[in-house]
Ligand SMILES: *Cc1c(COP(=O)(O)O)cnc(C)c1O
């Protein structure tokens, strides 16, 4: 089975991890801060706080901006459930803003409309989590302008998008947001096995995330209530968590980060090849905003209902049966049973739902061979023909 995504691990990655195994620290050593510094410098942010997953990093971000019971957070229905769950962990309420039909990212116009109505009802959200679907940045200038106008905080769930750019700057610099989160899960662009990171230019948010990641404990005299204190004293100031990344993971991350740009350019090369190979076929290929360079975590095509009788289901099943590990990203979050119990239902976000009915993620990762690429495109074409004949 050709997977839809997979990690690229080479000898230098392996050696970097083995070196830490032989060192004094497996966790809480010097490598985690080194990795944080490397990511912050790469993307141009002041603070970088690693965590044991992007899910944890999103939770830290929500806590650090003060999200709590009584607050609401809005996100996109087309995302992994973690973008919404982070608000629920804080006791806040979740709602969604429908996507832009072309980018599959949160639509800035839908956002503005919904904020206008919410402000008239005195029910503005405290924050939004925007998601850079497939690795393509949201229209951050538009999102930020609207959010600022209504006094709403912005978190970028950039789990798909490390190495991508918006207006010629790396995503993660937080030029148009309060916090940005990356995931280092193996299917993402660079990996630490499990792992994530939160970036910000706010000292207050950065310090709070760092403290909450390790039990809410500080050893910084300036933060302590006790003043002088004894040398062994630490203080728990907040209810934090053990969300730490290990030095083993950070070493892998440092090694992987060196290859970020080459991974992204290889992904882009594959994306352009797909664009070419599928141009004459009844599928909608990814549309890109101006001023955006996607990190190409995913290559999603939509089976074009107006041009073919084939369906997403027929194409998906045919390809899976032929050994192509196609996938679907994502089942709209608001239609998940848990969210239906919160009162959401089918029909709430029609553009997201229609996208979902048509979407298929094709294999894309740096080591996808020319031969396998050919197999995928041949199979997709055969699947469409097969779907049209039944
Ligand atoms: C992968 C992913 C996450 C969660 O990342 P983990 O590191 O596995 O916790 C969150 N949001 C999006 C959009 C993702 O794709």
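A short reminder: the numbers here are calculations on the coordinates, not readings from a lab. These numbers come from a predicted model, not from an experiment. Every residue, glycine among them, receives a Cβ derived from its backbone with ideal geometry; neighbour counts consider all protein chains shown.
The angle between the Cα long axis of helix 260-278 and the main principal axis of the chain comes to about 20°, on a 0 to 90 degree scale. In the range 190-251, the alpha-carbon atoms span a convex hull of 108 Å³ per residue. Relative to its Kirkwood radius, the Cα radius of gyration of the chain gives an Rg/Rh of 0.99.
Pairs of Cα atoms nearer than 8 Å and 6+ residues apart set the relative contact order; for the chain it is 22 percent.
Each DSSP beta bridge with both residues in the range 47-130 is either parallel or antiparallel, and the antiparallel ones are about 10%. Normalised by 2.2 N^0.38 Å, where N counts its residues, the alpha-carbon radius of gyration of the range 183-312 equals 1.64. Taking a ≥ b ≥ c as the square roots of the Cα gyration tensor eigenvalues, the range 1-81 comes out oblate, since a/c reaches at least 1.5 and a/b does not exceed b/c.
If you line up the long axis of helix 140-150 against the longest principal axis of the chain, both from Cα atoms, how many degrees apart are they, to the nearest 10? On a 0 to 90 degree scale, this one is about 60.
Going from the fewest other Cβ atoms within 10 Å to the most, the residues 154, 376 appear in the order 154, 376. Each eigenvalue of the Cα gyration tensor of the range 241-390, multiplied by 5 and square-rooted, gives one semi-axis; in descending order these are 29, 25, 15 Å. Per-residue ellipticity at 222 nm, computed for the chain from helices alone with -39500 (n - 2.57) per DSSP H run of at least four residues, works out to -12000 deg cm²/dmol. Each of 329, 386 has some number of other Cβ atoms within 10 Å of its Cβ, and from fewest to most they run 386, 329. The orientation-averaged projected area of the convex hull spanned by the Cα atoms of the range 218-263 comes to 5.4 nm². DSSP finds beta bridges in the range 61-186, and of those with both partners inside it, around 15 percent are antiparallel.
In terms of its alpha-carbon gyration tensor, the range 77-128 comes out oblate; a/c meets the 1.5 threshold, while b/c is at least as large as a/b.
Here the Kirkwood formula, the inverse mean of 1/r across different C-alpha pairs, assigns the range 45-162 a hydrodynamic radius of 14.2 Å. Give the shape of the range 145-210 as rounded, prolate or oblate, defined through the alpha-carbon gyration tensor: a ≥ b ≥ c are the square roots of its eigenvalues, a/c under 1.5 means rounded, and otherwise the shape is prolate if a/b is larger than b/c and oblate if not. It comes out oblate by the Cα gyration axes. Taking other C-beta atoms within 10 Å as the exposure proxy, 63, 260, 272 rank 272, 260, 63 from fewest upward. Just so you know, the averaged projected area of the alpha carbon convex hull for the range 97-187 sits at 5.9 nm². Of all DSSP bridge pairs formed entirely within the chain, close to 60 percent run antiparallel.
In this simple spin-label approximation, residue 328 and residue 148 carry label points 7 Å from Cα along the Cα→Cβ vector, and these lie 4.0 nm apart. Helix 31-43 axis versus longest C-alpha principal axis of the chain: approximately 60°, rounded to the nearest ten.
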